[in-house]
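Heads up: the structure comes next, in structure tokens.
Each value in this text was obtained by applying a stated rule to the coordinates, not by laboratory testing. Computed from a predicted model, the values in this text were never measured in an experiment. Cβ placement follows ideal geometry from the backbone for every residue including glycine, while neighbour counts extend to all protein chains displayed.
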Amino acid sequence: MGSDSDLTVMKGAADIMEELSIPFELTVVSAHRTPLRMVQYATRAAERGLKVIIAGAGGAAHLPGMIASLTTLPVIGVPVKSSNSIDGWDSILSMLQMPSGVPVATVALNGAKNAGILAGSIIGAFDPEVSFRVSAYKKQMEQEVLGKAEKLKDAGWGNTFDE
């Protein structure tokens, strides 16, 4: 993440990584305040065993794009609505409008949880155990929704279209 102030958002990705039992790193790497650290982080990520990088940043949000320019690993950008943000649009557009050849997969504003799930899906494409855990996670979400629908039905509010 670009700043420790992004931790409240980026914790969503860390929580999913923990739930899916995927080892991860969590650190602060600023594209603007620590550019040499950012270069070292990105260029050494694959040799440290990373498979995907989730980069969250607010404001100008150059971190995901700069990381993507320095590695062949997939980069998932999490636009963060920061205190100096223009409703988060500056961060979103900084990630969405990448030049050809430097892609950044971008999730919703403050969407770190989805970034974690996407990272798990990418890793799961090559690791059957991770794929199984992502599938189980999605099945659990399905069961939660079905349970909520059943509660509404029991309360007299639910639609019976699936009977």
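Considering only the range 4-57, how many residues are over 29 Å from Gln140 (Cα atoms) and touching a residue at least 60 places away in the same chain (Cβ under 8 Å)?
Qualifying residue count for the region: 1.
Here are some conditions: (1) more than 14 Å from the chain's Cα centre (by Cα); (2) in contact (Cβ under 8 Å) with a residue 40 or more places away in the chain. Trp89 meets all but one. Which one does it not meet?
(2)
Every residue in the range 20-68 that is touching a strand residue (DSSP E or B) at 6+ places or on another chain (Cβ under 9 Å) and over 23 Å from Ala125 (Cβ atoms), please.
Selection gives Val29, Ser30, Ala31, Tyr41, Ala57, Gly58, Gly59, Ala61, Leu63, Gly65, Met66.
Those residues that are touching a Lys or Arg at 6+ places or on another chain (Cβ under 9 Å), more than 18 Å from Asp4 (Cα to Cα) and not aliphatic (A, V, I, L, M), I need them from the range 16-65; list them, please.
Those that are touching a Lys or Arg at 6+ places or on another chain (Cβ under 9 Å), more than 18 Å from Asp4 (Cα to Cα) and not aliphatic (A, V, I, L, M): Glu19, Ser21.
Filter the range 33-53 for residues that are aliphatic (A, V, I, L, M) and touching a helix residue (DSSP H, G or I) at 6+ places or on another chain (Cβ under 7 Å); which is farthest from Thr72 (Cα to Cα)?
Top of the filtered list is Met38.
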